[in-house]
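The values are calculated or read from the model by the stated rules, or taken from the named source; none is laboratory data. Just so you know, these numbers come straight off a predicted model, no measurement behind them. Reconstructed Cβ throughout: ideal geometry from the backbone, glycine too, with neighbour counts over all protein chains shown.
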Amino acid sequence: MTLQSLTIRRPDDWHVHLRDGEMLKTVAPYTARQFARAIVMPNLVPPITTVEAASSYRDRIIAATGPDFTPLMTCYLTNDVDPDGLARGFAEGMWAAAKLYPAGATTNSASGVTDIRNIYPALERMQEIGMTFCIHGEVTDPDIDVFDREAVFIDRILSPLVDDFPALKMVLEHITTRQAAQFVADAPANVAATITPQHLHLNRNALFKGGLRPHAYCLPVVKREEHRLAVRQAAVSGSPKFFLGTDTAPHSREAKESACGCAGIFNASYALESYVQVFDDEGALDRFEAFASEHGPRFYGLPLNEGTVTLVRAEHQVPETVEGLVPFHAGEMLRWRFVG
Ligand code: NCD
Ligand code: ZN
């Protein structure tokens, strides 16, 4: 019999961009509606690099979502990060993790790290104290084809890093390639990955379907079909190394539909619906709860959430806009509905 309804432990989102100001107020309730907690990426302008900045940002997030949502704050790593300060912020419970943006890799990464060696002392300290290292895994070398930047990052940066830091908890964020799925699956247990809905649904044809499609553009950019299939297999595999991280990254419609459109997909409004459809199509609905609600907290060393959420099988059309933003799957039919 076909399953008509699915109730799972309340999930978390291990990678979100909640922005700030009016945009924060607009988008954060969508994340809080579906998820109990989220790893909040720090790429504001200026980036979140201090406990003070994180503390007031956390207050602004909770003001936008209400107190039932727990933002897990991350520290934006710069070349001159102070390992002692980082460790203090972790001990105080402010930092859940620290994030590597290679300088120039993506939205608001100008203050990012120019050479991984610059943060080795911070990584040593994070390894000692059990603090998670979140990685935007793309090289920024303009000579490297944009579709190859994740695979080259794995060879040049991540593979040596995993050898140099055998006990550092690392999350390769928003994986997009067969190489990444394979590398993480084969790596020791301290290496995990998040997976977005867009990298499960889209291949690079989506960027050019009938014309240039700015709302399918994110970083790392979607790849060939063989890579999408490998990432899907990783997501539904049941391996505790792979967990949910939407990378919801809203930009105004004008910023997306531009001569130089911003990278980022706003998927918070239908995130669980988007993911569950993939698990359904892969015959893996029984593995969805672990991917959405168990693997992430276990990796981060946090308790599982109490409470549940329910999705029902019900076709519905995603609106063309949500709050004036163009959501992932705009205008498409989805087959599951989140009922809270
Ligand atoms: C993100 C953003 O807009 O902040 N964009 C994106 O395409 N994913 C940054 C990031 O995670 O790379
Ligand atoms: Zn991101």
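For this structure, a couple of remarks:
- Matching residues, segment 2-16, being closer than 22 Å to G245 by Cα and surrounded by fewer than 24 Cβ atoms within 10 Å (Cβ to Cβ): L6, T7, I8, R9, R10
- Test for D20: is it over 13 Å from P250 (Cα atoms) and at pLDDT 95 or above: no
- Checked against the criterion of being under 17 Å from the mean Cα position of the chain (by Cα), at pLDDT 95 or above and among the hydrophobic types (A, V, I, L, M, F, W, C), segment 294-303 has at least one qualifying residue.
- Taken together, the criteria exclude D68 from residues that are touching a residue at least 40 places away in the same chain (Cβ under 8 Å), away from ligand 1 (no atom under 14 Å from the Cβ) and acidic (D, E).
- Count of residues meeting criterion [among the aliphatic types (A, V, I, L, M), free of Cβ contacts under 8 Å to residues at least 40 places away in the same chain and more than 16 Å from ligand 1 (Cβ to nearest atom)] in segment 29-46: 1
- Which numbered condition N305 fails, given (1) within 16 Å of ligand 1 (Cβ to nearest atom); (2) assigned to a loop (DSSP other than H, G, I, E, B); (3) within 27 Å of M170 (Cα to Cα): (1)
- Considered as a group, the residues in segment 29-48 that are crowded, with 22+ Cβ neighbours inside 10 Å and in contact with a Pro (Cβ under 8 Å, 6 or more places away or on another chain) include one that is farthest from Y101 (Cα to Cα), and that residue is Q34.
- Residue match in segment 289-297 (condition: surrounded by 15 or more Cβ atoms within 10 Å (Cβ to Cβ) and assigned to a loop (DSSP other than H, G, I, E, B)): no
- Single unsatisfied condition, P214 versus (1) more than 16 Å from ligand 2 (Cβ to nearest atom); (2) touching a strand residue (DSSP E or B) at 6+ places or on another chain (Cβ under 6 Å); (3) farther than 21 Å from L172 by Cβ: (2)
- Scanning segment 181-202 for residues that are surrounded by 21 or more Cβ atoms within 10 Å (Cβ to Cβ) and either at positive phi or among the hydrophobic types (A, V, I, L, M, F, W, C) (or both) turns up A181, F183, V184, V191, A192, A193, I195, L200, L202.
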